[in-house]
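Notes follow once the structure below has been shown.
Readers should treat all values here as calculations from the given coordinates under stated rules, not as data from a laboratory. All figures in this text were calculated on a predicted structure; none of them were measured in a lab. Ideal geometry is used to build each Cβ from the backbone, glycine not excepted, and the neighbour counts take in all protein chains shown.
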Amino acid sequence: MSDIKDIVLFSGISDESSSRFATAVRWRNYGADELIIDIGDESTDVLFVVSGAVRVIHRAETGKDVILGELGPGSYVGEMAAIDGMARSANVTTLQNSRIATMPAASFMDLLMREPEVCRAVLRLLVDRIRSLTRRISEHAYLTAKQRLFAELLRLSKPRPNHEGQRSVSPPPTHQVLAERIGSRREVVSRELSALEKEGLLEKTRGALVLVNPGELNSRISSGGLRVDLG
Ligand code: CMP
């Protein structure tokens with residue numbers, strides 16, 4: 001049996017809200033690569049990723065895709081149309097088998113008004129998104145495609161275990177996915193990754209892209225006035 005409190009955003013709601021809204025939630029399992037929100041659609045439900053993962057993509061009429069985000073368990077999508085009633089702003093597809101809970105917009109808004117902590121969490125998510133879009137706009141204004149690729153690799157990377165100073169991106173994204181994340185073309189990504197490999201700054205292992213000298217990549221971005229904070 002699924003419980004409304006299995007939805008991370010709602011895990012702290014009162015018992016009263018829990019019983020009031022439990023029947024508004026529908027649960028469904030999806031396979032990989034299923035479209036769960038279609039850009040331009042007039043639906044307004046909010047979708048919660050209980051398990052699995054989804055990708056948010058903006059698809060231009062020219063067919064060009066921009067990846068806006070990849071979200072795992074505990075995340076949710078569809079809150080924008082639920083809040084303003086406008087058409088869906090992006091496509092959302094499952095990346096793997098996923099369990100998704102769905103709540104109608106009216107119940108979502110009602111719950112938000114009754115539960116200040118939930119409301120605060122949604123506001124924080126929206127502010128986070130503005131910050132990340134601001135960063136993206138700055139990167140497009142100040143950095144070349146090559147520098148945006150370095151920035152994206154650094155952001156996706158984690159310290160490589162047992163290799164002091166190195167970082168790795170695992171699993172390695174395809175060149176097409178990297179291109180869609182940075183708003184460039186696959187050929188540009190392939191060319192720049194090969195150049196990095198030749199310079200000894202990048203190594204491809206079976207399960208990862210290894211950034212051999214992340215500091216060097218960061219200093220190449222800083223000529224564009226930006227740096228990626230590696231924590
Ligand atoms: P909605 O517009 O209802 O449907 C598409 C959803 O994609 C949207 O709500 C958000 O949940 C999500 N989305 C839209 N833009 C972004 C973005 N820039 N970053 C992350 N998620 C987004």
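For this structure, a couple of remarks:
- Stokes-Einstein diffusion coefficient of the range 129-170, Kirkwood radius over Cα pairs, 10 °C, 1.306 mPa s, in µm²/s: 138
- Gain upon complete extension [Asp33, Val8; 0.36 nm per residue less C-alpha separation]: 6.7 nm
- Take the Kirkwood radius over Cα pairs of the chain, plug it into Stokes-Einstein at 37 °C and 0.692 mPa s, and you get 169 µm²/s for translational diffusion.
- Pair His163, Arg59: separation of 7 Å Cα→Cβ label points (nm): 3.6
- In the range 100-148, the alpha-carbon atoms span a convex hull of 111 Å³ per residue.
- Charge context of Trp27, other residues only, Cβ under 11 angstrom, K/R +1, D/E -1: +1
- Over the range 139-196, volume per residue of the alpha carbon convex hull, in Å³: 84
- Tail beyond 25 Å, pair distance distribution of the range 103-231 (Cα, percent): 37
- For the range 69-139, alpha-carbon Rg relative to the globular expectation (2.2 N^0.38 Å, N residues): 1.21
- In terms of the mean number of neighbouring beta-carbon atoms within 10 Å, the peptides 20-28, 46-54 order highest first as 46-54, 20-28.
- Here the alpha carbons of the range 1-86 define both size measures, Rg and Dmax, at 14.5, 48 Å.
- A simple spin-label model places pseudo-atoms 7 Å from Cα toward Cβ; at Ile83 and Glu216 they are separated by 4.3 nm.
- Total charge dipole magnitude, the chain, about the Cα centre, Cβ charges on Lys, Arg, Asp, Glu only, Debye to nearest 20: 780
- Charge tally in the Cβ shell below 14 Å around Ala105, where Lys, Arg are +1 and Asp, Glu are -1, Ala105 excluded: -4
- Förster radius 41 Å - calculated FRET efficiency between Arg131 and Ser18, Cβ distance, rounded to 0.05: 0.85
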